[in-house]
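Undergrad: Before I ask anything, let me first share the structure, which is written out below as structure tokens.
The values are calculated or read from the model by the stated rules, or taken from the named source; none is laboratory data. Please read these numbers as outputs of a predicted model, since none were measured by experiment. So basically every Cβ, Gly included, is an ideal-geometry build from the backbone, and we count neighbours across all protein chains shown. We work out accessible area using only protein heavy atoms, side chains counted, and drop any ligands, DNA or RNA first. Shrake-Rupley method; radii C 1.70, N 1.55, O 1.52, S 1.80 Å.
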Amino acid sequence: GVYDAQNIAIVTNALARVERRDFALMMHLSYMVQQMHPDQFDSQAVANIVNAFIKLEVPGEVASFLLEYMAVVTQILEVDTDFTSQAVSNIANAYARTSAVTPDRILFHHLSMAAQHLPPTSFNAQSVANIVNAFAKVAHLVCRSDAAVDLEPLFCHMSEASLAIPAETLDYQNVANIMNAYAKLGIRDLPLLDHMQEAIVALASRESAGPHDPQAIANMLHAVAVLNIPNATVLSILIRNVVELNPAAVQPQGVANICWSVAVLQLREPELLEWLRRAISAQLPPMVRNWSCLRQVQQFLLTLELDYPPEVAAT
């Protein structure tokens, strides 16, 4: 017909970029895609199509059938020749964040192998961050059977890729996402984590570097606490970034993560504790309805009462 896989990838990608939610058109394109032979697709076309359908929140079976077919197409692509780092990154990220289909162990194993066949120098920071975050997010689903995806070689390869990127070229969001993924899985890769902390120091030396996304700051501090990698210089930078945030602008989960991290790291800076007092007050109503958040805040308050000197706890 008139359309081939590349044309449909271009059209869906354009619709996603301008956030045009034309569901009748997306349904038509979905049916067309599913009638095409898998050999017509390359990895970038798959990445563009699945990301468009997820970003535009195409509803129901229109999205799920399309995503299931694209997963099959992805598994037919050769891991040693048919993928780019960007395609692996975008496909993994798309399937990890959608609720339209359950993450498929075979698909993620295939993507893991594809990533490991690419040289470390072929990845940029965004690709690394997307890949490690995607696999960290679905790990509880794809790593619980006898035929589980083996994350260790993938994360070792991603560490090599991260170390190949100069620390001074990384940004806060990528550093936060990479550290958050390793913290979620409890992977204490010290060379990689040292590199991320070097990036935080380098970012702090650039006047245009902050303050930044509140959740990114919370994730970095949380990773430092979870992985037990306190560094006085880095902690000083992160504390400064926290206290520069508007407490009311930080989401409840971010406030909770900071509370837990401060308790674990036994941070006692008065300005940080005062910021937390204001942040808890601002976000307490939604946190009361979220047990995960409330539990972290309660741990902070209990630690403050039991482990801190009276004059500090009184603040």
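Undergrad: Using only the C-alpha atoms of the chain, find the volume of their convex hull and express it per residue in Å³.
TA: Spelled out: Cα convex hull of the chain, divided by residues, is 151 Å³.
Undergrad: Which one of S85, S122, S43 has the biggest mean-square fluctuation once the chain is modelled by GNM with Cα springs under 10 Å?
TA: S122
Undergrad: Separate question: With charges set only on the Cβ (+1 for Lys and Arg, -1 for Asp and Glu), what does the dipole of the chain come to about its Cα centre, in debye to the nearest 20?
TA: Charge dipole of the chain: 860 debye, to the nearest 20.
Undergrad: Would you mind checking the tilt of helix 291-307 against the longest principal axis of the Cα atoms of the chain, expressed as 0 to 90 degrees and rounded to 10?
TA: For 291-307 against the chain, the angle is about 20 degrees.
Undergrad: Work out how much length D80 to E305 would gain on full extension: take 0.36 nm times their residue separation and subtract the Cα-Cα distance, in nm to one decimal.
TA: 75.4 nm
Undergrad: Let me ask another. Treating the angle as unsigned and between 0 and 90°, give the value, to the nearest 10°, between the Cα long axis of helix 85-97 and the longest Cα principal axis of the chain.
TA: Rounded to the nearest ten degrees, it is 70.
Undergrad: For the stretch 35-99, what is the largest minus smallest coordinate of the Cα atoms on each principal axis, given in angstrom and ordered from greatest to least?
TA: Projected onto its principal axes, the Cα set of the stretch 35-99 covers 33, 25, 14 Å.
Undergrad: Could you grab the Rg to Rh ratio for the stretch 209-315? Cα atoms only, Kirkwood for Rh.
TA: My calculation puts Rg/Rh at 0.93.
Undergrad: Please compute one quarter of the surface area of the Cα convex hull for the stretch 1-83 and express it in square nanometres.
TA: 4.9 nm²
Undergrad: Rounded to a whole number, what is D in µm²/s for the stretch 142-193 from Stokes-Einstein with the Kirkwood radius over alpha-carbon pairs (25 °C, 0.890 mPa s)?
TA: After rounding, the answer is 203 µm²/s.
Undergrad: With a 1.4 Å probe and every protein chain left in place, work out the accessible area per residue of the chain in Å², rounded to a whole number.
TA: On a per-residue basis, 46 Å².
Undergrad: Using a 1.4 Å probe on the protein heavy atoms only, what accessible surface does M36 show? Give it in Å² to the nearest 10.
TA: About 20 Å², rounded to the nearest 10.
Undergrad: OK, next. Working from Cα positions, state the angle (0 to 90°, nearest 10) between the long axis of helix 5-17 and the longest principal axis of the chain.
TA: 30 degrees
Undergrad: Mark the label point 7 Å from the Cα of H117 along Cα→Cβ and return the residues of the stretch 63-104 whose backbone N is within less than 13 Å of it.
TA: Flagged as within label range: 74-85, 88.
Undergrad: Given the C-alpha centroids of the stretch 40-110 and the stretch 236-315, what is the distance between them in whole angstrom?
TA: 39 Å
Undergrad: I need the phi-derived Karplus couplings for the stretch 130-140: 6.51 cos²θ - 1.76 cosθ + 1.60, θ = phi - 60°, integer Hz, Gly and Pro marked x.
TA: For the stretch 130-140, the Karplus curve yields 5, 5, 5, 5, 4, 5, 5, 5, 9, 4, 5 Hz.
Undergrad: For the chain, which whole percent of the accessible surface, found with a 1.4 angstrom probe, sits on carbon and sulfur atoms?
TA: Percent of accessible area from carbon and sulfur atoms in the chain: 52.
Undergrad: On to the next question. HN-Hα J couplings of the stretch 171-183 from phi, Karplus 6.51/-1.76/1.60, θ = phi - 60°, integer Hz, Gly and Pro as x?
TA: These are the phi-based 3J(HN,Hα) values: 10, 4, 5, 5, 4, 4, 5, 5, 4, 4, 5, 5, 5 Hz.
Undergrad: Further, regarding this structure: Given q = 0.12, 0.13, 0.14, 0.19 Å⁻¹, what are the Debye log10 I(q)/I(0) values for the stretch 150-246, with equal point scatterers placed on the Cα positions and solvent ignored?
TA: -0.34, -0.40, -0.46, -0.85
Undergrad: So for the stretch 19-167, taking the charge dipole from beta-carbon charges (+1 Lys/Arg, -1 Asp/Glu), which of F135, F108, L154 sits furthest toward the positive end?
TA: F135
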